[in-house]
Amino acid sequence: MLRASFVAFALLLGGFATATAQSKNPVAFVDMQRAMLDVDDGKQAKAALEKMKTERQKSLDAQQDKLREMQKNLEAQKQFMKEDVRQAKEEEFRTKLGELQMTYAKLQKELAVEEQKLTKDILARMSRILGKMGEEGGYSMIFEKTESSVLWAPQHLDLTNELIRRYNAGEGKTAKK
């Protein structure tokens, strides 16, 4: 049963590949991740995000160092403290640890929002360019290449380099309002 299913799948896949190769409407693919990193605007966005991340990481590192120092002092003085003082110091430490964790989560969210904001226009412009490329090339579909979507395809069906070239040449820009 399993072997029959595999054979049927292989025949279907082979038939699709043959039909696609002979079709007037072939398919193509684009590595969007690589394109995002290789276009000039993508490089600028990545640099801006890295700068933002580095600045925020410095702040987090400083808070973390203070917290470590606080923990170190607490451990060293623990045996000499009254029970109520020790409990208060431990509660203060837990509060500061929770604040640090919330700050980290907030900064991660801010980075994600900023990344989405910086890449939104780039992706929209790439989409316009790909639409034009699809029409010009007579493609019935253009797939996004990911590790699980396009396992193998002839190199001539990869439109990534052409997308990057056209994007950097200024294609796909819309008139500003």
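The values are calculated or read from the model by the stated rules, or taken from the named source; none is laboratory data. Values in this document were obtained by computation on a predicted structure and should not be read as measured data. Here the Cβ positions follow ideal geometry from the backbone for every residue, glycine too, while neighbour counts run over all protein chains shown.
Which of the residues spanning region 156-177 are in contact (Cβ under 8 Å) with a residue 40 or more places away in the chain and outside any loop (DSSP other than H, G, I, E, B)? Steps first, answer last, please.
Kept after step one, since they are in contact (Cβ under 8 Å) with a residue 40 or more places away in the chain, are these residues of region 156-177: 157-160, 163-164, 167-168, 171-174.
Residues satisfying the conditions are LEU157, ASP158, THR160, LEU163, ILE164, TYR167, ASN168.
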Taking first residues from region 50-69 that are within 12 Å of GLN108 (Cα to Cα) and second residues anywhere that are among the β-branched types (Val, Ile, Thr), the pairs with Cβ under 7 Å that are 6 or more apart or on different chains are LEU60/THR103
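For ALA45, state whether it is surrounded by 10 or more Cβ atoms within 10 Å (Cβ to Cβ), more than 22 Å from SER149 (Cβ to Cβ), modelled with pLDDT under 95 and of a type in the set (Gly, Ala, Ser). Show your work before the answer.
On the way: surrounded by 10 or more Cβ atoms within 10 Å (Cβ to Cβ): yes; more than 22 Å from SER149 (Cβ to Cβ): yes; modelled with pLDDT under 95: no; of a type in the set (Gly, Ala, Ser): yes.
The answer is no for ALA45.
Being under 16 Å from the mean Cα position of the chain (by Cα) and surrounded by 12 or more Cβ atoms within 10 Å (Cβ to Cβ) narrows it down to one residue among GLU90, GLU115; which is it?
Working: GLU90 fails: under 16 Å from the mean Cα position of the chain (by Cα).
Of the residues listed, the single one that is under 16 Å from the mean Cα position of the chain (by Cα) and surrounded by 12 or more Cβ atoms within 10 Å (Cβ to Cβ) is GLU115.
Is it the case that region 123-142 has a residue that's hydroxyl-bearing (Ser, Thr, Tyr), under 23 Å from the mean Cα position of the chain (by Cα) and under 30 Å from ARG166 (Cα atoms)?
Step one: filter region 123-142 for residues hydroxyl-bearing (Ser, Thr, Tyr), giving 127, 139-140.
Narrowing further to those that are under 23 Å from the mean Cα position of the chain (by Cα): 127.
Applying the additional criterion that residues be under 30 Å from ARG166 (Cα atoms) yields 127.
Yes: one or more hits.
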Check THR95, THR103 and return the single one that is touching a helix residue (DSSP H, G or I) at 6+ places or on another chain (Cβ under 8 Å) and either part of a helix (DSSP H, G or I) or surrounded by 14 or more Cβ atoms within 10 Å (Cβ to Cβ) (or both). THR103
Does region 138-155 contain at least one residue that is in a strand (DSSP E or B), in contact with a helix residue (DSSP H, G or I) (Cβ under 8 Å, 6 or more places away or on another chain) and acidic (Asp, Glu)? yes
